[in-house]
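The values are calculated or read from the model by the stated rules, or taken from the named source; none is laboratory data. Computed from a prediction, not measured in an experiment: that's the story for all the values here. Ideal geometry is used to build each Cβ from the backbone, glycine not excepted, and the neighbour counts take in all protein chains shown.
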């Protein structure tokens, strides 16, 4: 009867693909499935087993770590309103303007700084799309390169801490395994070097592509750069860099130094974002109201999905889903590494169709106990999944970064060009994922 757990998983997955609300599909289908089992197969699941659901839900709601989620969301949305991205991009473009592809390199570096300051893909892609895409097109950039760079740099917030993906992954893995080396702080530390290396690879790709294929990313005229430098250039550079760097140091530095927990650091970041917005002269009651509304909306969505996933996990395990999968892997004589590759492939394919939050709360609770039982390093697995989820924002047809950019792109930029532009960056991410797979020691350097 354990195969019914697989049927439950597939029914939920198909229902989500058909467009039903994720949170209610997870909870509703699981409860109906449990009720059917209590009637027709009470030896596997009884109605009284639902009593275990209430303490699980309360445990989730009382989870101190998850308080970091709304705080990081608030920080990211507030920074989006601060206008910091505009000043960063303007000064960075002039610093690298003499290079072919310099403006695109600036977009990647600003995207990395925003990722370390916000961690929200939608905010970064929309902001960079509004600011940099018209400028790059006007300066003669190939549309495919311009759109690909913006989408790819916007997804860096998924792997560069502080990242909501890392927070949710750390909590989900620690809640579903006995692993003691996975928490938000260790996930942030382990993801730092992979995030930096990915930025370096993006920059190298743009530099090589712009110099090999002529006229796809022309340099900014030297006269324009000299004119810009006459207007207090170095003071503007200092101001543009010092504000986000101070915020990043306050948030990540306090976590890595052990001074503050991730939740406390998130509160520091939220306050810091307000102060930066005030310094930029963009803070008012209307802005605060908009930020609070968007934060509430996103937080409610995340927690409703989390509660639905808690219901699904309970029913799945009570009817023997974990045992069935472990037995299937053992009997098929799959090695833990081959099974991990299969899971990463499933997540990669799922990323074409469903959101990263849904993947975390549906797939990770199912596979995490299996990896733990097989003795696989769960911190390494978490980083691999995070890198894999990053590609879900870029993969057509439903990559969210593609939708975000298309919504703000100037007329004349076609969806086909955006899809074509992100393909090299998807290849880069997949290759880099394999590098981390074969050289796991990279995540332990810091």
Original post:
What residue, of 423, 345, 384, is loosely packed, with under 15 Cβ neighbours inside 10 Å, free of Cβ contacts under 8 Å to residues at least 60 places away in the same chain and assigned to a helix (DSSP H, G or I)?
Top reply: 345
**OP:** Mind listing whichever residues of the range 254-267 are surrounded by 14 or more Cβ atoms within 10 Å (Cβ to Cβ) and either free of Cβ contacts under 8 Å to residues at least 60 places away in the same chain or part of a helix (DSSP H, G or I) (or both)?
**Re:** 254, 255, 256, 260, 262, 263, 264, 265, 266, 267
Original post:
If you go through the range 20-31 one residue at a time, do you hit one that is within 30 Å of residue 421 (Cβ to Cβ), assigned to a helix (DSSP H, G or I) and touching a helix residue (DSSP H, G or I) at 6+ places or on another chain (Cβ under 6 Å)?
Top reply: yes
Original post:
Of all residues in the range 316-342, which are assigned to a helix (DSSP H, G or I) and either closer than 23 Å to residue 439 by Cβ or touching a strand residue (DSSP E or B) at 6+ places or on another chain (Cβ under 8 Å) (or both)?
Top reply: 336, 337, 338, 339, 340, 341, 342
Original post:
Pick from 177, 155, 127: which is under 30 Å from residue 375 (Cβ atoms), modelled with pLDDT under 90 and under 28 Å from the mean Cα position of the chain (by Cα)?
Top reply: 177
Original post:
Going by the conditions given, is residue 324 modelled with pLDDT under 80 and in contact with a helix residue (DSSP H, G or I) (Cβ under 9 Å, 6 or more places away or on another chain)?
Top reply: yes
Original post:
Pairs under 8 Å by beta carbon, first residue at pLDDT 80 or above in the range 235-249, partner surrounded by 14 or more Cβ atoms within 10 Å (Cβ to Cβ) and not in a helix (DSSP H, G or I), six or more apart or different chains?
Top reply: none
Original post:
How many residues does the range 27-49 hold that are modelled with pLDDT under 85 and surrounded by 18 or more Cβ atoms within 10 Å (Cβ to Cβ)?
Top reply: 1
Original post:
on the phi < 0 side of the Ramachandran plot and in contact with a helix residue (DSSP H, G or I) (Cβ under 7 Å, 6 or more places away or on another chain), is that true of residue 192?
Top reply: no
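For (1) at pLDDT below 85; (2) surrounded by 13 or more Cβ atoms within 10 Å (Cβ to Cβ); (3) closer than 30 Å to residue 24 by Cβ, each residue gets a yes or a no:
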| site | (1), (2), (3) |
| --- | --- |
| 269 | no, yes, no |
| 276 | no, yes, no |
| 281 | no, no, no |
| 286 | no, no, no |
| 290 | no, yes, yes |
| 294 | no, yes, yes |
| 297 | no, no, yes |
| 300 | no, no, yes |
Subject >> Qualifying residue in the range 173-180 (condition: closer than 23 Å to residue 446 by Cβ, in contact with a helix residue (DSSP H, G or I) (Cβ under 6 Å, 6 or more places away or on another chain) and either part of a helix (DSSP H, G or I) or free of Cβ contacts under 8 Å to residues at least 60 places away in the same chain (or both)) >> reply: yes
Original post:
Residue check: is residue 69 in contact with a helix residue (DSSP H, G or I) (Cβ under 9 Å, 6 or more places away or on another chain), under 12 Å from residue 153 (Cβ atoms) and outside any loop (DSSP other than H, G, I, E, B)?
Top reply: no
Original post:
(1) surrounded by fewer than 21 Cβ atoms within 10 Å (Cβ to Cβ); (2) at pLDDT below 80: which one isn't true of residue 67, the others all being true?
Top reply: (2)
**OP:** Being in a helix (DSSP H, G or I) and surrounded by 15 or more Cβ atoms within 10 Å (Cβ to Cβ) is the filter; apply it to the range 1-10 and report the residue that is modelled with the highest pLDDT.
**Re:** 8
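Okay, residues lined up against (1) touching a strand residue (DSSP E or B) at 6+ places or on another chain (Cβ under 9 Å); (2) surrounded by 13 or more Cβ atoms within 10 Å (Cβ to Cβ); (3) in contact (Cβ under 8 Å) with a residue 12 or more places away in the chain; (4) closer than 24 Å to residue 90 by Cβ:
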{"residue": "186", "(1), (2), (3), (4)": "no, yes, yes, no"}
{"residue": "190", "(1), (2), (3), (4)": "no, yes, yes, no"}
{"residue": "193", "(1), (2), (3), (4)": "no, yes, yes, no"}
{"residue": "200", "(1), (2), (3), (4)": "no, no, no, yes"}
{"residue": "203", "(1), (2), (3), (4)": "no, yes, yes, yes"}
{"residue": "210", "(1), (2), (3), (4)": "no, yes, yes, yes"}
{"residue": "227", "(1), (2), (3), (4)": "no, no, no, yes"}
{"residue": "230", "(1), (2), (3), (4)": "no, no, no, yes"}
Original post:
Hey, any hits in the range 307-315 for a residue that's within 25 Å of the chain's Cα centre (by Cα), over 30 Å from residue 369 (Cα atoms), outside any loop (DSSP other than H, G, I, E, B) and at pLDDT 85 or above?
Top reply: no
Original post:
Taking the range 32-66 as the region of interest, how many residues are part of a helix (DSSP H, G or I) and in contact with a helix residue (DSSP H, G or I) (Cβ under 9 Å, 6 or more places away or on another chain)?
Top reply: 19
Subject >> Filtered residues of the range 348-366 (kept if in a helix (DSSP H, G or I) and more than 17 Å from residue 433 (Cβ to Cβ)) >> reply: 357, 358, 361, 362, 365, 366
Subject >> the range 214-224, subset touching a helix residue (DSSP H, G or I) at 6+ places or on another chain (Cβ under 9 Å) and farther than 21 Å from residue 113 by Cβ, residue modelled with the lowest pLDDT >> reply: 224
